[in-house]
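Novice: Pasting a structure below so you can have a look.
The values are calculated or read from the model by the stated rules, or taken from the named source; none is laboratory data. Since we're looking at a predicted model, the values are computed, not measured. All Cβ positions, even for glycine, are placed from backbone atoms using ideal geometry, and neighbour counts span all protein chains on display.
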Amino acid sequence: MRTPMSTQPGPATPSLTTHFEPYVSVEKAAEYLDVAPKTLLEKARKGEVPAYPWGNGMRKIWRFKISQLDEWMKRKLHSDRRPPLSERKGFQ
């Protein structure tokens, strides 16, 4: 037996669409961070930035998520760092 469809609002159901963040190329990621693509690739290869290698060969294609790069950069900006020369003892 089929139940008739109600015109009354029902309980809220979660949306089937979730936030999807695409992976971006090294060029777009480097532009976002305002660094050279070559510098970003070097950091990706060393595991210094969040990055995703695609491919199994020697030459991988690297992809990035902007939100992860943004979080990484925020951590870098708020990390302990060496003070500038003007703030060091003995600087004249």
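Novice: Which of the residues spanning the range 17-35 are loosely packed, with under 11 Cβ neighbours inside 10 Å and either part of a loop (DSSP other than H, G, I, E, B) or modelled with pLDDT under 95 (or both)?
Specialist: Passing the criteria: THR17, THR18, HIS19, PHE20, GLU21, PRO22, ASP34.
Novice: Could I ask something else about it? Of the residues in the range 49-87, how many are at pLDDT 85 or above, of a type in the set (S, T, N, Q) and outside any helix (DSSP H, G or I)?
Specialist: Within the range 49-87, residues that are at pLDDT 85 or above, of a type in the set (S, T, N, Q) and outside any helix (DSSP H, G or I) number 0.
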